[in-house]
Amino acid sequence: MQSEPETVCNVAISFDRCKITSVTCSCGNKDIFYCAHVVALSLYRIRKPDQVKLHLPISETLFQMNRDQLQKFVQYLITVHHTEVLPTAQKLADEILSQNSEINQVHGAPDPTAGASIDDENCWHLDEEQVQEQVKLFLSQGGYHGSGKQLNLLFAKVREMLKMRDSNGARMLTLITEQFMADPRLSLWRQQGTTMTDKYRQLWDELGALWMCIVLNPHCKLEQKSSWLKQLKKWNSVDVCPLEDGNHGNELPNLTNALPQGANANQENLGQCKSLEYQHLPAHKFLEEGESYLTLAVEVALIGLGQQRIMPDGLYAQEKVCRNEEQLISKLQEIELDDTLVKIFRKQAVFLLEGGPYSGLGEVIHRDSVPMHTFAKYLFTCLLPHDAELAYKSALRAMRLLVLESTAPSGDLSRPHHIASVVPNRYPRWFTLSHIESQQCELASTMLTAAKGDVRRLETVLESIQKNIHSSSHIFKLAQDAFKIATLMDSLPDITLLKVSLELGLQVFPSFVVIIMEERNVMQCW
């Protein structure tokens, strides 16, 4: 700045195999990133390499000197920096003259200018102390003064390092995690039985996501992964290490407003996505003909969404399962399907239907398996214009909700109008059940709309609704939806859909009669 006096800073930078391995600067600035003076000197060295004179290691230079030159070198060095190096010089001289000193037991002497051995690991300079201090400071502020934003910037820096295959990414994340584990609020929350804040939960989520990126990195050596596994187990064994759901307390917040509900939720959010122009970039290595990075990305996403997985125990973890699934589907909806991608969808749908225990759409799934309703609705809408039979087969398979079916009371289920109020004995507790049932209802409604005019498919969808949906309110909603679809103004009434509406209405009617009778009894008591 023109108003500030010019200052001269002494900067030293060490290089090893094209990496900056250490830096020092007399400016005194403390940060996890390089100061402006270090950056300036680095750029000067890059842009004007001829202006920076290269020297042999100092040990090689000393080796070329005779006794008189060595004595002159040492005395001039002490004279120029006598106040700084004289005590050290006297101490070293006394130790060298002593036959039994420790320094005389070692052959040769260290040379900081010689660099590391070719077998030694070299990595970019990282001021570990500053990283620890910065994270500790941000955590102590408790989310105020933009500390959460600063921590997210640190996480972004780790992601950038991982993208560049910088080994400091894992080092930096280890330092961050250690400070998170040392946060005194963890002990306090555990003792008091209170829940951690939502912002703090999100930071822990990001921490876990970054560790997954590190341990799944195919470029890492086996010994590195073994070391990380040992460290992760060590952290996990600490009492204050938060559970995945992040909730040590007994409070169960109402998730009705936490997750999207109803017929317009995603839009028996996602509609706001902008249509981006994704292109097929060919990758000639390791790929089959016609495959691209885009087809691989879509295929991996479909595999992940369709995998059978057990519903986690905690409230927060269950909410995260729903949220992550919807976010991934939202990303997929940004992609315009072409013939190549439709083939991927067809192939994966067949694999999932025949996939056995690894598939959430397989014939047999675990009672506590995460339902596929949201994913199946997206798969149905994508496949319907191209392979209607496969679309319906996938969606009908996904309609099941075994966590309720296994607790349904015995009775004459062959009667089409039979309905019972199901109060499931949930273990583990499904805190997101209302949201899941809402998604099941949306899937059924989508199939009813698409099957208009097709008697066979409407009957099949009706049977699936009567078998799998246990909520009276959702059956009543589907009856309303079927009636609206059947009586659209721009077409003649669909008789089959009207029958479906009537069937569903009659099925749910006894439950509402019971409710009305109970309310009447209460009024009579008053």
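The values are calculated or read from the model by the stated rules, or taken from the named source; none is laboratory data. Given the structure is predicted, the values throughout are model-derived calculations rather than measurements. Note: ideal-geometry Cβ built from the backbone for every residue, glycine included; neighbour counts use all protein chains shown. Ligands, DNA and RNA are stripped out before the accessible areas are found, and what is left, the full protein with its side chains, is counted by its heavy atoms. Shrake-Rupley method; radii C 1.70, N 1.55, O 1.52, S 1.80 Å.
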Within the bounds of segment 44-51, is there any residue that is under 20 Å from ILE103 (Cβ atoms) and part of a helix (DSSP H, G or I)? no
The correct count of residues that are of a type in the set (A, V, I, L, M, F, W, C), outside any helix (DSSP H, G or I) and either farther than 14 Å from LEU302 by Cβ or outside the structural domain of GLN307 (by the TED database) (or both) in segment 345-403 is 6
Check every one of the helices (runs of 4 or more DSSP H) wholly within segment 120-229 and list those with 2 or more residues that are open to solvent by less than 40 Å² (accessible area, probe 1.4 Å) and of a type in the set (Phe, Trp, Tyr). 198-215
Could you tell me which of the residues ASP111, ASP68 is of a type in the set (Asp, Glu) and in a helix (DSSP H, G or I)? ASP68
Whether any residue in segment 419-428 is within 38 Å of the chain's Cα centre (by Cα) and at pLDDT 90 or above is what I want to check. no
Evaluation of VAL52 against (1) surrounded by 10 or more Cβ atoms within 10 Å (Cβ to Cβ); (2) more than 25 Å from PHE15 (Cβ to Cβ) (one fails), failing number: (2)
